[in-house]
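The values are calculated or read from the model by the stated rules, or taken from the named source; none is laboratory data. Keep in mind the model is a prediction, meaning the values are calculated, not measured. Here the Cβ positions follow ideal geometry from the backbone for every residue, glycine too, while neighbour counts run over all protein chains shown.
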Amino acid sequence: MSDPPGSARHDPEEPGERWQRVEDPDDPRIEVFQGLRDHDLRQRRERPGGDRHGVFIAEGDLLLERGLAAGYTLLSVLVDGTRAKPLPAQVPAEVPVYAAGRAVVQRITGLGVHRGAIACFRRRPPPAASDLLATARRIVVLERVNNPNNVGLILRSVVGLGIDAALLDPSCADPLYRRSSRVAMGTVFDLPWSWLEALPDGLSAVRDAGFEVVALTPAAEAEPLTALTPPASAKVALLLGSEGHGLSGALLSIADRQVRIPMARGVDSLNVGVAAAIACYQLVVASPAN
């Protein structure tokens, strides 16, 4: 993992060296980490405009490293006070590290022990959707995907399978929400993504940028996914809907094409995260954007 631009690499310190001990679960120094098990609280705090506007939480050493490598500013780290492993070497020496006592760990995680690290990063504004549309050739557009796990699964596939960018309508879960980024293994930190205006109206910007709009649906009348073989010069936007409800009728009606993953043994559809991976793979291998 490369170091973030403009940062110096630090030698790992001994566990506990310069770490600040925290025994009181209500200590104001760790207020930003409170409520990790409270979905509504985390959503209010972590979404832009929330009462913790400007920050997001990432869990685990891997996400801590990937957040730093992507250039996000690390504000603080919370670790179990019994942790024996040094923090990743990329953590700047000036960043406060709070070593949590048992009562603090219990309050925050619901468990008596937590060997990993919980990091607080400063957000940065995502690029404008118009900027992504001007440079990308293969994108996914998400409508009403409000389950953070599904958002994380989709975006991990988007990154890993070579899709250029992702656009989400306002009803989708936040890609930087801690569960989304955890399921995505931190790959979302390097992904070009942005918010789109509410769909279906927001799709006009995608069309105006010259994209063919392809809706993924289990509908029997849709073309098999293998029929999706656009030329490398084409710009394609793959529409993905929520688990269960799928894409809205309004979006399906205005898509240029509808494609489906053929199913067997009476199964009507796949989890949207799994379906997204299959569709992204087909889109890339059928017409590599080179």
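Hey, does segment 122-145 have a residue that's under 11 Å from the mean Cα position of the chain (by Cα) and free of Cβ contacts under 8 Å to residues at least 60 places away in the same chain? Before you say what the answer is, go through the steps one by one.
Taking segment 122-145 as the starting set, the residues that turn out to be under 11 Å from the mean Cα position of the chain (by Cα) are none.
No, every residue in segment 122-145 fails to be under 11 Å from the mean Cα position of the chain (by Cα) and free of Cβ contacts under 8 Å to residues at least 60 places away in the same chain.
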Item to complete: For segment 146-246, please list each of the helices (runs of 4 or more DSSP H) lying entirely inside it that holds at least 3 residues being among the basic types (Lys, Arg) and either closer than 22 Å to PHE121 by Cβ or in contact (Cβ under 8 Å) with a residue 40 or more places away in the chain (or both).
Response: 178-183
Worksheet item: Can you tell me which residue in segment 163-217 is farthest from ALA134 (Cα to Cα), limited to those that are of a type in the set (Phe, Trp, Tyr) and out of contact with any strand residue (DSSP E or B) (no Cβ under 7 Å at 6 or more places or on another chain)?
Response: TYR177
Worksheet item: Would you say ILE254 is modelled with pLDDT of 90 or more and closer than 21 Å to LEU199 by Cβ?
Response: yes
Worksheet item: So VAL285 clears everything in (1) surrounded by fewer than 18 Cβ atoms within 10 Å (Cβ to Cβ); (2) of a type in the set (A, V, I, L, M, F, W, C); (3) closer than 21 Å to ALA184 by Cα except one condition, right? Which one?
Response: (3)
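Here is a yes/no grid of residues against (1) out of contact with any helix residue (DSSP H, G or I) (no Cβ under 8 Å at 6 or more places or on another chain); (2) in the same structural domain as GLY152 (by TED's automatic domain parsing); (3) at positive phi:
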site	(1), (2), (3)
ASP169	yes, yes, no
ALA184	no, yes, no
SER194	no, yes, no
LEU199	no, yes, no
GLY210	yes, yes, yes
PRO218	yes, yes, no
PRO230	no, yes, no
HIS245	yes, yes, no
ALA255	yes, yes, no
Worksheet item: Looking at (1) within 28 Å of THR73 (Cβ to Cβ); (2) touching a Pro at 6+ places or on another chain (Cβ under 8 Å); (3) hydroxyl-bearing (Ser, Thr, Tyr), which is the only condition SER157 fails?
Response: (2)
